[in-house]
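The values are calculated or read from the model by the stated rules, or taken from the named source; none is laboratory data. Bear in mind that the values here come from a model prediction, so they are computed numbers and not experimental data. Don't worry about glycine lacking a Cβ; one is built from the backbone with ideal geometry, like all the others, and counts go over all protein chains shown.
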Amino acid sequence: MKITKFRIAELQVPLKKPFKTALRSVEYINDVVVEIHTDEGLIGYGEAAPTVVITGDSKGGIIAAIRDHIASALIGQSLDAPEKIFEQMDAVILKNTSAKAAVDIALYDLIGQALGVPVYRLLGGYRESLETDLTISLNQPAEMAADGVEAVERGFQTLKVKLGKDPELDLRRLSTITDAVGDTIKFRLDANQGWTPKEAVRILRKIEDQGFSIEFVEQPVAAHDYDGLKYVTDNTPFSIMADESLFSPADALKLLQMRAVDLLNIKLMKCGGIHQALKICTLAEIYGVECMVGCMLETKLSVNAAAHLAAAKSIVRYVDLDGPGLCLTDPVSGGADFAEAQITLSQTPGLGIKQIESLHYLDQQ
């Protein structure tokens with residue numbers, strides 16, 4: 001089976017509420033969709049999320065990387081040798097991880113379809129269902145508490161709380177949310193690089209003193225500050241997770257060798273897709289460090305692919321795949337069933353995507 005054609009489209013989906021972190025505020029998902037066609041009539045679907053403040057990948061850059069570089073290198077290649085295809089994609093253009101992730105997702109979709117098995121079984125098949133958290137955006141304490149109550153009413157038992165702009169206000173945010181939702185709900189804190197190492201240690205010790213139920217703390221300091229991450233890990237009682245510090249398997253190896261963090265957050269848009277994510281999982285298994293599979297602001301299309309990875313690997317203990325839960329509408333038919341906190345994998349070969357509505361194709365056909 002050979003690759004015959006790429007098609008690129010734009011997909012815009014409104015969010016239920018503006019998504020706010022220490023880095024940005026977003027009202028719409030505005031992503032790039034890629035279709036890879038084959039000579040046997042199969043189509044694989046992938047999605048890339050432009051997240052300039054994290055990956056550096058803009059929508060225009062993603063489109064150009066796929067159209068002008070990746071597609072021309074891969075058209076005519078045989079899917080009977082996928083390792084060669086992934087090698088070629090990495091050779092033809094450096095970085096551009098979001099563009100590579102979209103193509104990688106579509107390729108795995110095709111491989112699963114060709115072999116007649118769902119991708120998560122192809123990768124390991126460890127479980128068939130997952131439970132995700134829901135993110136509470138960075139706002140004033142009362143609004144965050146109201147969002148937390150709404151999330152719990154929808155069935156979410158774990159809340160990922162965005163912090164990181166004002167340490168003292170962060171404490172009030174967490175206290176107000178806890179008072180509103182009760183002490184049976186689990187919390188994950190995400191500062192999105194918003195604190196200095198010393199600020200992080202100071203605020204996390206205060207959080208410990210107040211007895212909040214915290215599963216872990218995600219990326220408390222700047223992405224490049226590996227020493228700062230290690231300082232926070234060594235001086236606070238909570239498990240610390242790397243997010244923006246972790247893009248590649250090489251990043252994972254450095255973090256693990258330094259013992260800079262307790263946990264790793266794998267996102268397909270950061271590492272370039274499932275192929276590279278599997279390498280990070282293997283390193284994590286060697287070092288005995290558990291992982292979370294997360295997502296950017298993405299639709300069900302690529303979050304579905306991340307769910308297949310999370311379901312496949314035993315080293316993945318945590319799931320942060322709430323993208324579909326933040327969307328006002330769902331243009332994607334097929335794939336995993338996202339029923340609020342519960343995600344059930346499809347048994348359809350490949351990634352199970354049947355149709356995507358409201359695509360704006362960039363080519364004429």
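For Leu362, the requirement of being closer than 20 Å to Pro14 by Cα and either in contact with a helix residue (DSSP H, G or I) (Cβ under 8 Å, 6 or more places away or on another chain) or not small (Gly, Ala, Ser) (or both) is not met.
Considering only segment 300-321, I want to know if a residue exists there that is out of contact with any helix residue (DSSP H, G or I) (no Cβ under 6 Å at 6 or more places or on another chain), in contact (Cβ under 8 Å) with a residue 12 or more places away in the chain and farther than 30 Å from Val161 by Cβ. No, that holds for no residue. Do we find a residue being in a helix (DSSP H, G or I), over 22 Å from Ala151 (Cβ atoms) and not assigned by TED's automatic domain parsing to the domain that holds Arg67 anywhere in segment 346-355? No, there is no match, as no residue in segment 346-355 is in a helix (DSSP H, G or I), over 22 Å from Ala151 (Cβ atoms) and not assigned by TED's automatic domain parsing to the domain that holds Arg67. The listed residues are Ile286, Ile343, and the only one of them that is in contact with a Leu (Cβ under 9 Å, 6 or more places away or on another chain), among the hydrophobic types (A, V, I, L, M, F, W, C), assigned to a strand (DSSP E or B) and modelled with pLDDT of 95 or more turns out to be Ile343.
Number of residues in segment 149-182 that are assigned to a helix (DSSP H, G or I), of a type in the set (Asp, Glu) and modelled with pLDDT under 95 equals 2. List the pairs whose first member sits in segment 210-237 and is on the phi > 0 side of the Ramachandran plot, whose second member is among the charged types (D, E, K, R) and part of a loop (DSSP other than H, G, I, E, B), and whose Cβ atoms are under 6 Å apart, counting only residues at least 6 apart or on separate chains? That search, which allows pairs on different chains as well, returns Gln219/Asp243; Gln219/Glu244.
Among the residues making up segment 43-68, those that are over 30 Å from Gln193 (Cβ atoms) and surrounded by fewer than 24 Cβ atoms within 10 Å (Cβ to Cβ) are Ile43, Arg67, Asp68. Listed conditions (1) under 30 Å from Gln193 (Cα atoms); (2) of a type in the set (Asp, Glu); (3) without any contact (Cβ under 8 Å) to a residue 40 or more places away in the chain are all met by Asp31, apart from (3). Restricting Ile266, Ile280 to those that are part of a strand (DSSP E or B) and not small (Gly, Ala, Ser) reduces the list to Ile266.
Which of the residues belonging to segment 339-357 are closer than 20 Å to Asn30 by Cβ and surrounded by 12 or more Cβ atoms within 10 Å (Cβ to Cβ)? Correct list: Ile353, Ile356. Comparison of Phe19, Phe86 shows that the only residue that is in contact with a helix residue (DSSP H, G or I) (Cβ under 9 Å, 6 or more places away or on another chain), within 30 Å of Gly164 (Cα to Cα), outside the structural domain of Gly323 (by TED's automatic domain parsing) and of a type in the set (Phe, Trp, Tyr) is Phe19. From the list Leu134, Leu79, Leu110, the lone residue that is surrounded by 15 or more Cβ atoms within 10 Å (Cβ to Cβ), of a type in the set (A, V, I, L, M, F, W, C) and closer than 19 Å to Lys267 by Cα is Leu134.
Those residues that are among the small types (Gly, Ala, Ser) and either at pLDDT below 95 or assigned to a helix (DSSP H, G or I) (or both), I need them from segment 108-124; list them, please. Those that are among the small types (Gly, Ala, Ser) and either at pLDDT below 95 or assigned to a helix (DSSP H, G or I) (or both): Gly112, Ala114.
Residue pairs whose Cβ atoms lie under 6 Å apart, separated by 6 or more positions or on different chains, with the first residue in segment 134-150 and without any contact (Cβ under 8 Å) to a residue 60 or more places away in the chain and assigned by TED's automatic domain parsing to the domain that holds Thr184 and the second surrounded by 19 or more Cβ atoms within 10 Å (Cβ to Cβ) and of a type in the set (Asp, Glu), are Ile136/Asp147. Among the residues of segment 286-329, those that are out of contact with any Asp or Glu (no Cβ under 9 Å at 6 or more places or on another chain), aliphatic (A, V, I, L, M) and more than 25 Å from Ala99 (Cβ to Cβ) comprise Ile286, Leu328.
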